[in-house]
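Reviewing the structure listed below.
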Amino acid sequence: MQKEVSPAYFLISIYLPPDVKKPGPGEFFMVKVGRDNYPLLRRPLSLHRMISGDTLQFLYRVKGKGTGLLSKKMEGDKLDILGPLGKGFLIPSDMKEAILVAGGIGIAPLFSLAEELKNKEISVKFFIGGKSKKDILCEDELRSLGIQPFISAEDGSRGRRGLVTELLEDYLKTVHGSRLPGRQIGFTVHGEQSVVNGSRIYACGPKPMLKKVSEIAGTYSCKCHVSLEERMACGVGACLGCAVKIRVQRSNPPSPPFAKGGKGGINKSKIQNPKSEIYKMVCKDGPVFNAEEIDWDG
Amino acid sequence: MADLRVNIGSMELKNPVMVASGTFGYGEEYSPYIDLNSLGAVVTKGISFHPIDGNPPPRIWETPSGLLNSIGLQNVGVKKFIKEKLPYLKGFDTRVIVNIFGTTISEYVKVAVRLSETPGIDAIEVNISCPNVKKGGMVFGTDSKSTKKVVSALKKVCSLPLLVKLSPNVTDITEFAMIAEGEGADAVSLINTILGMAIDIETRKPRLANITGGLSGPAIRPVALRMVWQVAKTVKIPVIGMGGISSAEDAIEFILAGATAIATGTANFYNPKTAYEIVNGLDGYLNEKGINDIKGLIGGMNA
């Protein structure tokens with residue numbers, strides 16, 4: 001069964017046979033959307049929601065031919081899916097508050113996370129952003145969970161006009177602003193001690209949004225998990241197609257720019273010519289990563 | 001049950017179905033989805049002496065019935081392969097063929113020597129045909145002198161059966177097959193991917209960060225089949241056919257064209273059970289046709 005919940009956004013429900021492992025929030029499936037060689041590859045879709053233990057839901061946006069074909073599936077059709085795959089969202093037991101940030105279709109995996117967090121009685125703040133009101137999804141469903149989402153649309157057609165990252169920043173400034181350290185935090189500072197104690201940010205959306213969320217999380221020394229999307233062929237770590245660049249680990253981290261003394265403390269040759277670029281695979285090492293691991297400019 | 005055994009040099013395979021290098025990881029990645037014991041052989045991801053990080057993303061792009069990739073030979077290096085990847089593969093009743101490459105002949109030799117000294121490896125496949133790296137790979141496989149040098153150097157140090165994987169990005173692939181045979185290769189495998197590219201017309205950027213990539217999948221099958229046929233009638237050593245094979249019917253075409261064994265590649269990505277299905281399909285076909293030994297099918301095209 002499926003329905004178009006907003007223009008170009010579809011929600012498909014699939015009955016899962018009992019022998020299939022139940023997916024967790026952030027995990028995904030490789031879905032064969034066509035027949036024969038059209039299209040050739042499976043499409044990765046994250047778990048959106050599990051309903052009554054046997055119904056799997058994907059929420060997706062029709063973007064190309066593959067998702068277009070998927071949107072034509074009718075009730076009673078069989079779907080060939082591989083999974084659940086990947087490493088999903090980590091929920092530490094000592095967490096007090098989860099801040100979820102969704103951009104457009106990025107809400108798909110975050111919804112099941114919100115459900116799980118609610119089950120664990122962890123406080124959830126949910127920020128939803130999109131280009132326009134048609135890109136703002138799951139509002140009512142979140143309210144049914146007892147979550148009042150903060151909403152922004154870039155064109156002002158719903159919620160506040162602007163970017164969801166601006167909403168997030170305002171929230172953190174208001175609620176956690178007094179804890180903000182007096183100096184700017186450099187890119188090497190990400191200790192176990194979180195300035196925003198007991199809070200974590202979970203984000204999914206377009207890469208520029210995730211980059212900004214990661215920067216904001218860094219400013220507030222708040223742990224941040226991001227769910228990434230990349231084109232993939234296999235979904236199981238074999239093709240090595242879905243590489244994401246990871247920050248190069250240096251044995252002697254350069255001093256932050258504000259360090260006193262020395263010659264600025266940055267060894268330029270090392271930064272420009274890192275000895276080893278390291279890639280991780282979105283399908284196997286992710287799709288959820290610690291934001292601080294990712295080289296956002298890579 | 002028909003006899004599916006075939007020989008590649010001194011190595012006997014229980015069936016002629018292998019999985020192609022770069023499309024099956026190190027085996028472990030696919031073991032939840034296909035019984036590795038059902039395969040004639042597993043060919044590993046290409047291994048170099050030092051670990052290689054690979055090319056920047058985006059690395060793949062789907063095309064009609066095909067896949068463009070430019071992974072850039074990312075691999076863990078020979079040391080880690082032997083320590084961490086090989087032990088797992090050794091636990092299965094299938095042949096282990098290790099694909100190797102280097103940026104210089106001495107690097108090829110160093111990897112081959114290390115692997116020859118390691119128990120549990122049945123054969124080495126030499127990659128002289130990767131289109132996605134600046135040094136090594138296809139540089140060796142598209143120049144006849146380099147092909148001769150690398151195969152001859154490896155044959156001197158390598159006691160294991162040596163398979164040479166040929167590039168289709170040449171004017172006459174039979175020339176390279178003959179060189180490999182002349183230098184003592186035990187078999188040739190073909191084809192590697194065909195050099196291709198794609199452009200995003202909105203951003204005007206290439207779809208792959210490396211601009212060009214290797215095309216694989218059903219789109220290249222007729223080209224691969226033609227080349228297998230050309231090579232099989234030129235050389236006496238066994239030919240391992242690959243390029244877009246995704247069903248038993250495809251595999252039979254390659255065998256009829258002269259392939260002694262075949263490998264599934266891109267099909268593993270969209271149907272991890274492909275190789276297993278082909279083994280069963282071959283048996284079914286032979287039984288239906290009343291052929292009791294698959295060797296009777298090799299090169300059996302009526303032309």
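The values are calculated or read from the model by the stated rules, or taken from the named source; none is laboratory data. Quantities reported herein were computed from a predicted structural model and do not represent experimental measurements. Don't worry about glycine lacking a Cβ; one is built from the backbone with ideal geometry, like all the others, and counts go over all protein chains shown.
Tabulated results
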| quantity | calculated |
| --- | --- |
| Given (1) surrounded by fewer than 17 Cβ atoms within 10 Å (Cβ to Cβ); (2) at pLDDT 90 or above; (3) not in a strand (DSSP E or B), number of the condition A:V20 does not satisfy | (2) |
| Residue count for the range A:78-94, restricted to those that are within 22 Å of A:K22 (Cβ to Cβ) and part of a loop (DSSP other than H, G, I, E, B) | 9 |
| Residue within the range A:38-51 that is of a type in the set (F, W, Y), modelled with pLDDT of 95 or more and not in a loop (DSSP other than H, G, I, E, B) present | no |
| Test for B:G54: is it at positive phi, part of a loop (DSSP other than H, G, I, E, B), under 16 Å from the mean Cα position of the chain (by Cα) and within 11 Å of chain A (Cβ to nearest Cβ) | no |
| Residue in the range B:36-50 that is at the interface with chain A (Cβ under 8 Å from one of its Cβ atoms), in contact (Cβ under 8 Å) with a residue 40 or more places away in the chain and hydroxyl-bearing (S, T, Y) present | no |
| All positions within the range B:92-117 that are surrounded by 14 or more Cβ atoms within 10 Å (Cβ to Cβ) and not in a helix (DSSP H, G or I) | B:F92, B:T94, B:R95, B:V96, B:I97, B:V98, B:N99, B:I100, B:F101, B:G102, B:T103 |
| Qualifying residue in the range A:24-36 (condition: surrounded by fewer than 17 Cβ atoms within 10 Å (Cβ to Cβ), more than 14 Å from chain B (Cβ to nearest Cβ), touching a residue at least 12 places away in the same chain (Cβ under 8 Å) and under 26 Å from A:N119 (Cβ atoms)) | no |
| Answer from B:G258, B:G244 - the residue that is touching a strand residue (DSSP E or B) at 6+ places or on another chain (Cβ under 9 Å), closer than 26 Å to A:G241 by Cβ and of a type outside the set (S, T, N, Q) | B:G244 |
| Complete set of residues in the range B:62-71 that are at the interface with chain A (Cβ under 7 Å from one of its Cβ atoms) and either farther than 11 Å from A:L40 by Cβ or free of Cβ contacts under 8 Å to residues at least 60 places away in the same chain (or both) | B:E62, B:N69, B:I71 |
| Filter pass, B:Y276 being part of a helix (DSSP H, G or I) and under 25 Å from A:D80 (Cα atoms) | yes |
| Residue tally, condition of a type outside the set (S, T, Y), assigned to a helix (DSSP H, G or I) and buried (at least 22 other Cβ atoms within 10 Å of the Cβ), over the range A:106-137 | 10 |
| Selection status of B:I128, of a type in the set (A, V, I, L, M, F, W, C), modelled with pLDDT of 95 or more and crowded, with 18+ Cβ neighbours inside 10 Å | no |
| Given (1) surrounded by fewer than 24 Cβ atoms within 10 Å (Cβ to Cβ); (2) away from every other protein chain (no Cβ under 14 Å), number of the condition B:P32 does not satisfy | (2) |
| Options B:G213, B:G296, B:G281: the member that is in contact (Cβ under 8 Å) with a residue 12 or more places away in the chain and surrounded by fewer than 21 Cβ atoms within 10 Å (Cβ to Cβ) | B:G281 |
| Single residue of B:A219, B:A209 found to be part of a helix (DSSP H, G or I), within 14 Å of chain A (Cβ to nearest Cβ), farther than 25 Å from B:L13 by Cα and more than 14 Å from the chain's Cα centre (by Cα) | B:A219 |
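Yes or no, residue by residue, for (1) more than 14 Å from every other protein chain (Cβ to nearest Cβ); (2) modelled with pLDDT of 95 or more; (3) farther than 24 Å from B:E62 by Cα; (4) assigned to a loop (DSSP other than H, G, I, E, B):
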residue	(1), (2), (3), (4)
A:T188	yes, no, yes, yes
A:K211	yes, yes, yes, no
A:G218	yes, no, yes, no
A:E230	no, no, no, yes
A:G235	no, yes, no, yes
